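What follows draws every value from the coordinates through simple rules; no lab data is involved. For clarity, every value in this text was computed on a predicted model and none was experimentally measured. Glycine also receives a Cβ, built like all others from the backbone with ideal geometry; neighbour counts cover every protein chain displayed.
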Amino acid sequence: MDSLHSQAAEAAFAQPLTEELLGAAGVTPGMRVLVFGRHLADLALLVAERVGPTGAVIGLTEHCAIAHEARRRAENEGFERVEFRRGSLEDLTLDAPVDAAIGRFFLMNEPQPALAIRRAVDRVREGGRIIFQEWHYDSVRWPHSSDWPCVPLYRNFARWSLESFRRRRVSVDVGLRLANLFAEAGLTVPHLRTDLRVVNGCNVLGYAFFESTLRELLPTIERCGLAHAYDVDVDTFGARLQRETVANGGHVFLPLQVGAWARC
């Protein structure tokens, strides 16, 4: 499976829902927007296209390498009003509140997600927008949103990924908890959007999503002895999952995505 496909898969499948959320929330040209979460460069440049040359984007990450790569991409693609800062939401200081804050696949890694939402709210002006987009990974084990007919390798993926995420203390059910978390953070009940995607046939990017997820989780899988070495062979997993799915004449589902937005 091509490494470029593997690296791009999650961001590619996230983009349609992100664009829908930006439009529904009313993120428009001229706005100043704070963004954070996975695939920071993809998210920041997508928002920069929407706010245009009169707007501005601030990307936030705690990882130096991610900030460096994001700056490089922004410079290469000619986005001048995008800046990237290294740090946390808790410690972030802005010279003025932003018009919107957008987190993507961020809360699932937060031990106190409602508190993280509250910290984002504190950086947004009154009447501004709060937007979060999260995976609901637990959906890969639900009978109606997992596989059809049974694809054993997909069932293995579901078991390995969910157990690995839990051992890493990642919330696999945060997507459908967003409404409750917004309320806990003191916001109104948010507007919700969902995106459930099916993978079948020769959808190489879809199978690459599962492969890239396992590649990221592999140290945990191996350390905890969760899988047989052949079954979890990352370099061939996507191709094997494709062959097995096609041979069964069936399809598999990506994890459910959930997006939420509200005004401060």
Distant-in-sequence amide H partners of residue 136 (H built 1.01 Å from N, under 5 Å): 175, 256, 257, 258
Test item: Cα-centred dipole of the range 3-263, Lys/Arg +1 and Asp/Glu -1 on Cβ, debye: 320 debye
For residue 10, net neighbour charge (Lys/Arg +1, Asp/Glu -1) across residues whose Cβ lies under 13 Å away: -1
Zone residues, the range 242-264, relative to residue 15, backbone N less than 19 Å from point 7 Å out along Cα-to-Cβ: 254-255, 257-259
Cα gyration tensor category, rounded, prolate or oblate, for the range 149-264 with a/c compared to 1.5: oblate
Two-site FRET efficiency, residue 168 against residue 95, from Cβ-Cβ distance with R₀ of 35 Å, rounded to 0.05: 0.45
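May I ask what percent, to the nearest 5, of DSSP beta bridges between residues of the chain are antiparallel?
Values: 17 of 38 bridges.
Taking every DSSP beta bridge with both residues in the chain, the antiparallel ones total about 45 percent.
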P(r) histogram, all alpha-carbon pairs of the range 1-135 included - 10 Å bins from 0, percent: 12, 46, 36, 6, 0
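Residue 150 to residue 77: FRET efficiency via 1/(1 + (r/R0)^6), r the Cβ-Cβ distance, R0 35 Å, to the nearest 0.05?
Taking R0 as 35 Å, the efficiency between residue 150 and residue 77 is 0.20.
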The chain: calculated mean residue ellipticity at 222 nm from DSSP helix runs of at least 4, using -39500 (n - 2.57): -14500 deg cm²/dmol
Per-bin percent of Cα-Cα distances, the chain [5 Å]: 1, 6, 13, 16, 18, 16, 12, 9, 6, 2, 0, 0
Excluding exposed DSSP-loop trypsin sites (Lys or Arg not before Pro) (at most 14 other C-beta within 10 Å), longest clean stretch of the chain: 1-167
